[in-house]
1. Out of the residues in segment 209-233 meeting the condition of being in a strand (DSSP E or B) and among the basic types (Lys, Arg), tell me which one is farthest from residue 288 (Cα to Cα).
2. Checking the conditions here, which among 15, 69, 7 is modelled with pLDDT of 95 or more, in contact with a Lys or Arg (Cβ under 6 Å, 6 or more places away or on another chain) and closer than 18 Å to residue 154 by Cβ?
3. Considering 92, 76, which residue is more than 26 Å from residue 114 (Cβ to Cβ) and not aliphatic (A, V, I, L, M)?
4. Considering only segment 234-292, how many residues are basic (Lys, Arg), part of a helix (DSSP H, G or I) and under 25 Å from residue 99 (Cα atoms)?
5. If you check every pair at least six apart or on different chains, which have Cβ atoms under 7 Å apart with a residue in segment 179-204 that is more than 21 Å from residue 334 (Cβ to Cβ) first and a residue that is surrounded by fewer than 17 Cβ atoms within 10 Å (Cβ to Cβ) and of a type in the set (D, E, K, R) second?
6. Working only within segment 285-307, note down all residues that are of a type in the set (A, V, I, L, M, F, W, C) and out of contact with any Ser or Thr (no Cβ under 6 Å at 6 or more places or on another chain).
7. Go through (1) more than 28 Å from residue 261 (Cβ to Cβ); (2) surrounded by fewer than 18 Cβ atoms within 10 Å (Cβ to Cβ) for residue 214 and report which single condition fails.
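The values are calculated or read from the model by the stated rules, or taken from the named source; none is laboratory data. It should be emphasised that the depicted structure is a prediction, and the values quoted were computed from it without experimental measurement. Don't worry about glycine lacking a Cβ; one is built from the backbone with ideal geometry, like all the others, and counts go over all protein chains shown.
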Amino acid sequence: MSALYDLAVIGGGILGSAAACRAAAGGMRTIVIEQQTLGSGASGVNAGTLSLQIKRVKLMPYAIKGHELWERAGERVGFHKTGGITLAFNQREAELLHERMALKREAGAPIELISPTRVAELEPNLSRKVVAASWCGEDGYANASLSGAYYRALLEAAGVEIRERTPVTAIDRSGGAFQLATPTDTIRATRLLLACGAWLRSAGAMIGLDLPVRARVNTVSVTERGPALVGTVIGHATGLLTLKQKPNGSVLIGGGWQGTGSPDEGRGSVDPATLLPNLRLAMFAVPGLDRFRVVRSWTGFEANVPDFYPLAGAAPGIDNAFLLGCVRGGYTIGPYIGALMGDLILGREPELPLFDPGRFATTTSAAA
């Protein structure tokens, strides 16, 4: 009979890995099971933006804590604290900016409104059509492509077993343990955490849960290397632009513009109909970008539920099963909320409250 783990985590992204590290540190024999490789999903293909200005108000305390953890990781994740500017180009956008940033300031983010003159002083290569802007000195970015290697080192140091390229095809429950079927063997564990991002819905169905998980197909682009244009993270009041220039001169451009495809189909595809407006907005904000060529665009899935707040807590009606996913701004928040989940699984009171999945999940036929 195979070994019995205290906790099996399905999903080797930031969320699952952070939870596994905390559980292992608390004495649990833990295994992480990933259908591809660690950090190969949304955790590794996003733009790496660490901006408090684009986080939801209710999630701000979690974003601040997560940002601190990324800063502590430092060079291991390519962390850069550059500060960030969010721009408005007309009166409607200015009103939206003022309203949103006021609420985020109240939630604890160190955001201030600045004048167009100050914007030009901070970033002389930005458009002169700015009518309002906000600034956060804590904003910055990390290198998302380093997520897998970073968490691999942490998992190994914590003694967590890692199983990559191992899809879970079925989940059963007998003898007080979850039985996770894979193409090569069955993995047994007394506790189960589903933290598999856009695949959370299909994984939940394996234990009898009907989860209203949807997937956005976010697009990111990178340019060739070029002369220095901007030194801070640039955003737009609508949230439809994130932009930063890396030390090597390449520019990363995102903003949540949607590609096509679904998790069931594997990777999503870039849609030119949404890519081009994203690039036009970037060039409007930073006119000098028209001299740069885009060398690659790609997509990544971002899972969400109808209220756009996380699923983070005990699975309703299923003892010793837990859910973690659908975290808007999950790259920033992931390390922290993952640790909170680890505390919950260990029977500890999390430092901040989690987000009960029972508000949405419907039990269909629980795992036998």
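1. Step one: of segment 209-233, the residues in a strand (DSSP E or B) are 209-210, 214-223, 233.
Subsequent filtering for residues that are among the basic types (Lys, Arg) retains 214, 216.
Values: 214: 37, 216: 30 Å.
It comes out as 214.
2. On the way: 15 fails: in contact with a Lys or Arg (Cβ under 6 Å, 6 or more places away or on another chain); 69 fails: in contact with a Lys or Arg (Cβ under 6 Å, 6 or more places away or on another chain).
That would be 7, the only listed residue that is modelled with pLDDT of 95 or more, in contact with a Lys or Arg (Cβ under 6 Å, 6 or more places away or on another chain) and closer than 18 Å to residue 154 by Cβ.
3. Details: 92 fails: more than 26 Å from residue 114 (Cβ to Cβ).
Answer to the check: 76.
4. Residues of segment 234-292 basic (Lys, Arg): 244, 246, 267, 280, 291.
Narrowing the set further to residues that are part of a helix (DSSP H, G or I) leaves 280, 291.
From what's left, under 25 Å from residue 99 (Cα atoms): none.
Of the residues in segment 234-292, 0 are basic (Lys, Arg), part of a helix (DSSP H, G or I) and under 25 Å from residue 99 (Cα atoms).
5. Within 7 Å, the pairs are 179/172.
6. Our first condition is that a residue be of a type in the set (A, V, I, L, M, F, W, C); within segment 285-307, this holds for 285-286, 289, 292, 294-295, 298, 301, 303, 305.
Hits for segment 285-307 are 286, 289, 295, 298, 301, 303, 305.
7. (1) is the only condition that residue 214 fails.
Residues are listed down the side, and each one gets a yes or a no for (1) assigned to a helix (DSSP H, G or I); (2) surrounded by fewer than 24 Cβ atoms within 10 Å (Cβ to Cβ):
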residue	(1), (2)
2	no, yes
8	no, no
12	no, no
16	yes, no
19	yes, no
22	yes, yes
32	no, no
37	no, yes
40	no, yes
